[in-house]
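Structure first, commentary second.
The values are calculated or read from the model by the stated rules, or taken from the named source; none is laboratory data. Note that this is a predicted model, so its numbers are computed, not measured. Every residue, glycine among them, receives a Cβ derived from its backbone with ideal geometry; neighbour counts consider all protein chains shown. Note: areas computed on protein heavy atoms with side chains; ligands, DNA, RNA excluded. Shrake-Rupley method; radii C 1.70, N 1.55, O 1.52, S 1.80 Å.
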Amino acid sequence: MIQRWDRLDYDALAGSARIIGFDLDNTLANSRKPMLPSVAGRFSELTKHIDVAVITGGRWELVVSQIIDVLAPQACKSNMHLMPTSGTRYYRWLNGEWTRVFSHDLTADQCARASASLERRAREMGLWPGHVWGERIENRGSQITLSVLGQQAPLEAKQAFDPDGSLKRRLAEAVAADLPDLKVHAGGYTSIDVSQQGIDKGFAVRELARLNNFPVERMIFVGDRMNEDGNDYPAVQAGAMGVAVNNPGDTVKFIDAMLERIA
């Protein structure tokens, strides 16, 4: 089930929620930028009252710079569950430091084959532009990611690249045909992710529930890409309650409404 943030029964939601999960880019923060102080303060306050997860396609280093480095002093780190690279890794605050609970890394052979296929198929489809912003293909250990416009592309360029997602779908299908042993899926606005089979945000949600002993149905997941082709949708398919937002401003209003009821 998916609902917009401004159409929720917040009283009912607050009464049933065990954990609140968030996408990162364009949900908690602008793409590859730290959370703004207005978001960081509310996010940190939320962690005092309920378990909070962040599940993102980005690598761990981005979670550090976008989330951890800007937490407010009141943040309760022991209530945080951080899952970068689409849930292929899971970190908790244990014994005074961020500790990796699990990591489903790709082998060297899988990384090489994934990188080669992504480049070859993107070139064949004319999706290898001459000018890009930053690195195109990134090895995140547990995930290989192609960003057609580059890792540092501005949000406006990303949003204008493939509005209906058809280019990414075609590219993902072509790469998937080369890599039957791996999972290939469209990620953000311009990205294709390759990881171990069966791992996406749905896997992350199910593992969170299993490892922390709560029903998946008692998890809320907030994201900006909740359409069926979006990379937040698998969390809903796994059983979480989906909350659709358009940007961090919407997320602030969602958190404020929840804090009014659980703080």
Handout entry: Boolean, residue 254 is assigned to a helix (DSSP H, G or I), of a type in the set (A, V, I, L, M, F, W, C) and open to solvent by less than 20 Å² (accessible area, probe 1.4 Å)
Key = yes
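When you scan region 25-126 for helices (runs of 4 or more DSSP H) that lie fully inside it, which ones turn up with 3 or more residues that are under 30 Å from residue 180 (Cβ atoms), open to solvent by 10 Å² or more (accessible area, probe 1.4 Å) and free of Cβ contacts under 8 Å to residues at least 12 places away in the same chain?
On the way: elements: 37-46, 60-66, 108-124.
Those helices (runs of 4 or more DSSP H) span 108-124.
With respect to residue 182, is the statement that it is modelled with pLDDT of 95 or more and either out of contact with any Asp or Glu (no Cβ under 9 Å at 6 or more places or on another chain) or closer than 21 Å to residue 32 by Cβ (or both) true? So that I can check it myself, show each step before the final result.
Details: modelled with pLDDT of 95 or more: yes; either out of contact with any Asp or Glu (no Cβ under 9 Å at 6 or more places or on another chain) or closer than 21 Å to residue 32 by Cβ (or both): yes.
Yes; evaluated as a whole, the condition is true for this residue.
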Practice task
Could you list, in sequence order, all residues of region 204-238 that are of a type in the set (Phe, Trp, Tyr) and either part of a strand (DSSP E or B) or out of contact with any strand residue (DSSP E or B) (no Cβ under 9 Å at 6 or more places or on another chain) (or both)?
Solution key: 221
Exercise for the section: Give region 6-24 a look and list any residue that's open to solvent by less than 40 Å² (accessible area, probe 1.4 Å) and more than 17 Å from the chain's Cα centre (by Cα), or say none. Expected result: 8, 10, 13, 14, 17
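How many residues are surrounded by fewer than 23 Cβ atoms within 10 Å (Cβ to Cβ) and either within 18 Å of residue 8 (Cβ to Cβ) or not aromatic (Phe, Trp, Tyr) (or both) if we restrict to region 212-223? Quick ask: steps written out before the conclusion?
Pass one, region 212-223, residues surrounded by fewer than 23 Cβ atoms within 10 Å (Cβ to Cβ): 212-218.
Filter once more, keeping what is either within 18 Å of residue 8 (Cβ to Cβ) or not aromatic (Phe, Trp, Tyr) (or both): 212-213, 215-218.
Here the count works out to 6.
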Handout entry: Top-ranked residue in region 239-250 [being open to solvent by 20 Å² or more (accessible area, probe 1.4 Å) and in a loop (DSSP other than H, G, I, E, B); ranked as nearest to residue 203 (Cα to Cα)]
Key = 239
